[in-house]
Structures are given as C-alpha cells and as structure tokens.
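Beneath this line is the structure, given in structure tokens, with notes to follow.
The values are calculated or read from the model by the stated rules, or taken from the named source; none is laboratory data. These numbers come from a predicted model, not from an experiment. Glycine gets a Cβ as well: all are built from the backbone with ideal geometry, and neighbour counts include every protein chain shown.
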Amino acid sequence: MDEDTSPLAGGRAPAGHGGGGGTQEPFKDGELIVLIDKVGRRHRVRLRSGERHSIHSGLIEHDDVIGRPEGIVVVTQLGAKLLAVRPTFAEQVTGRRRQAQPIYPKDLGAILVGADLHPGARVLEAGTGTGALTLAALRAVGEQGLVVSYEAREEFLEAAKRGIVETLGSLPPNLTLKLGDVYLGVEETGMDRVLLDLAEPWQAVPAAKAALRPGGIVFAHCPNVSQVQRFFDCLRDVRGFGMLEAFELLQRGWTVRGRSMRPSHRMVAHTGFLCFARRLAEDELFEPEGEGFR
Ligand SMILES: C[S@@+](CC[C@H](N)C(=O)[O-])C[C@H]1O[C@@H](n2cnc3c(N)ncnc32)[C@H](O)[C@@H]1O
C-alpha cells in the first residue's frame, strides 16, 4: 500500500475508535482514504487539496475526491476506475509501516470475544508493540473502560503513541501508556483482563496474577507451541488460575464469482495460538477434563 501515515501529515481520523465507519460526511481535506483498483490493489492516500496521486493506471486529482461521498468510484485520466473508501479499523491498525509485529486482524476479533472485553472493562496490556491490540481493546471497553499498556522499548512506545494519535485524533484519557518491563511486576490491581503479547508470557504470570481480580481473564498470544506449553506450565505452578484453553484460527477465503466457486489458493494460516485462563479466587488450579467449554 502507498503510505502517508505521519501524524504530522495534517489529516486526522474522524473522532471515535478508528476505522471508517464513524461518519457519513463527505471526504475532507486531510483525511486518510484507501483507493482500490480493479485488481484489488489498495493505495492509502492522505487527501490534500490541490495535490495529485499517481499510480500505475494514471493520476487522481485529490480535489476529485474531496467533498464526495465515501464509496464513490473515481476515474484516472487514463480511464482506470478506483473505489474510494475510508480505511476499516483492520486496515488502519495493520496497514501502516511498523517496527513490531501487530496482531493479525483474523485474531483480533477472537481475542476480544475470547477474553470477553466488554464496555467498562479495566484492561492491562503488555507489550504495546504497534498499538493494534491497544486500539482494539479501547474500542471494546469504550469510554467507561480503561486500558493500561506496558512497553519495554521507548522507541516502540513513541511509535505506538503516534499511531494511536493518527487513528483516534488524540490520546484518549482512558489510555495509559507506560514505559516498563512487565516481567518485573506492575502497579495495577483489580484489573478485569490482562492481555499479553510478548516473547516470554510465562515471565509475566506473577504480574498478571497480582493485577487480576478474581474471575478476571488472562490472554497470551503465542506464535510457537513451546511458548504455550511454558505459559500453561507456569499458570499451573503459580496456581490461582483455571479453565486453561488454547486455540488457533485459520482463515481461508473463497472466490464466489460467476462459475468460479472455490476456496482461495492462499490462506491466512498459522499466526499464533490464542491462550486464555481465568483467575481464581484462591490459589487453586481448576481444569475441567472436557474440551470445548468456550
Ligand atoms: C509482538 S509485539 C506486540 C504487538 C502488539 N500486540 C500489536 O498488536 O501491535 C511485542 C512487544 O512486546 C514488547 N515487550 C517485550 N518484552 C516486554 C516486557 N518484558 N515488558 C513490556 N513489553 C515487552 C516488545 O518490545 C514489543 O513491542
């Protein structure tokens, strides 16, 4: 995708929690949009009055898009058609240049439901990375909830801050970004949810245990099954956790066009194991034998 993601670029996302659905207004000067061509290529473009965007199939005048409704089809001077839409939440949080690996969109929704992030929830996260999961959590908990996110690397924290400001327009008051090593412990207590996406989640188990209220849920994203095993072993050793569960999601698209009705040639297959457990009221371990309790 073409990129113009600098928060200093002049444009601001519509207020809200990111993603294109927040407004019925026509496109404005300074907005970030996505142009989609006939073969499905996507170009992120920051609209600026008087400017032009050049792609292989020709030029688009920004002024031909500004003031027009989302979903308009615009035409280059070479006659190629492009659909103009606002980026969805997934496109906004994963489509920009980044240093850390964000959670994939296919996993984001499952994490929000699996960890039961609800309006008003108090969420502790580590590490912040690009801020993709932070933004998804903020959306789910709403203005009544809060998110505290720890990141060990200052440059990542600053980049995440810029990405969040770009997506939301400003840093929301119910978000606290902290520079710190979660393996050394956290100050927060009484949290409803803990979300871990870092290399050694088992090292964060004592912090998660201290931070979570009884009945709260801890989630860890683990790319490798050896991480799942160490994380679960640690939850069992530390005790005070139950209902341990891990699963992964494989996303297979389908082509449904004319006589062509078939699975896509490519899949979004393994990205990571999604691991969940519940904080118990006492230092017990509770693991039902059956599967599929989720
Ligand atoms: C895979 S990235 C997280 C990506 C993030 N979930 C997202 O959606 O963009 C892992 C992040 O954890 C941070 N990290 C690693 N160890 C940490 C620790 N002990 N405490 C806090 N952050 C840590 C890394 O610097 C990195 O930014």
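Rundown of residues vs (1) crowded, with 22+ Cβ neighbours inside 10 Å; (2) closer than 25 Å to HIS270 by Cβ; (3) touching a residue at least 12 places away in the same chain (Cβ under 8 Å); (4) of a type in the set (Phe, Trp, Tyr), yes/no style:
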| residue | (1), (2), (3), (4) |
| --- | --- |
| GLY79 | no, no, yes, no |
| ILE103 | yes, yes, yes, no |
| LEU117 | yes, yes, yes, no |
| GLY129 | yes, yes, yes, no |
| THR134 | yes, yes, yes, no |
| LEU138 | yes, no, yes, no |
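Could you tell me whether any residue of the stretch 183-195 is in contact with a Leu (Cβ under 7 Å, 6 or more places away or on another chain) and under 30 Å from ILE33 (Cβ atoms)?
Looking through the stretch 183-195, none of the residues is in contact with a Leu (Cβ under 7 Å, 6 or more places away or on another chain) and under 30 Å from ILE33 (Cβ atoms).
Among the numbered conditions (1) among the hydroxyl-bearing types (Ser, Thr, Tyr); (2) part of a loop (DSSP other than H, G, I, E, B); (3) more than 20 Å from LEU274 (Cβ to Cβ), tell me where THR128 comes up short.
Among (1) among the hydroxyl-bearing types (Ser, Thr, Tyr); (2) part of a loop (DSSP other than H, G, I, E, B); (3) more than 20 Å from LEU274 (Cβ to Cβ), THR128 violates only (3).
In the stretch 262-283, which residues are surrounded by 11 or more Cβ atoms within 10 Å (Cβ to Cβ) and not hydrophobic (A, V, I, L, M, F, W, C)?
Residues satisfying the conditions are SER264, HIS270, THR271, GLY272, ARG278, ARG279.
Pick from the stretch 222-238 the residues that are under 18 Å from ILE103 (Cβ atoms) and crowded, with 23+ Cβ neighbours inside 10 Å: which of them is nearest to the ligand (Cβ to nearest atom)?
CYS222
Does ALA90 satisfy the criteria of being within 16 Å of the ligand (Cβ to nearest atom), modelled with pLDDT of 95 or more, of a type in the set (A, V, I, L, M) and on the phi < 0 side of the Ramachandran plot?
Criteria not met by ALA90.
Kindly establish whether ARG44 is crowded, with 18+ Cβ neighbours inside 10 Å and either assigned to a strand (DSSP E or B) or among the polar types (S, T, N, Q) (or both).
Yes; evaluated as a whole, the condition is true for this residue.
Looking only at the stretch 169-195, how many residues end up being more than 15 Å from ALA207 (Cα to Cα) and either surrounded by fewer than 16 Cβ atoms within 10 Å (Cβ to Cβ) or modelled with pLDDT of 95 or more (or both)?
The total comes to 9.
Need a quick list: strands (runs of 3 or more DSSP E) entirely within the stretch 177-294 having at least 1 residues that are in contact (Cβ under 8 Å) with a residue 60 or more places away in the chain, in contact with a Phe, Trp or Tyr (Cβ under 7 Å, 6 or more places away or on another chain) and more than 19 Å from LEU108 (Cα to Cα).
Output list reads 273-279.
Restricting attention to the stretch 111-120, does a residue exist that is within 16 Å of the ligand (Cβ to nearest atom), within 11 Å of the chain's Cα centre (by Cα) and assigned to a loop (DSSP other than H, G, I, E, B)?
Among the residues of the stretch 111-120, not one is within 16 Å of the ligand (Cβ to nearest atom), within 11 Å of the chain's Cα centre (by Cα) and assigned to a loop (DSSP other than H, G, I, E, B), which makes the answer no.
Quick one: would you say LEU135 is touching a helix residue (DSSP H, G or I) at 6+ places or on another chain (Cβ under 7 Å) and either modelled with pLDDT of 95 or more or assigned by TED's automatic domain parsing to the domain that holds ARG279 (or both)?
Here the answer is yes, as LEU135 does meet what is asked.
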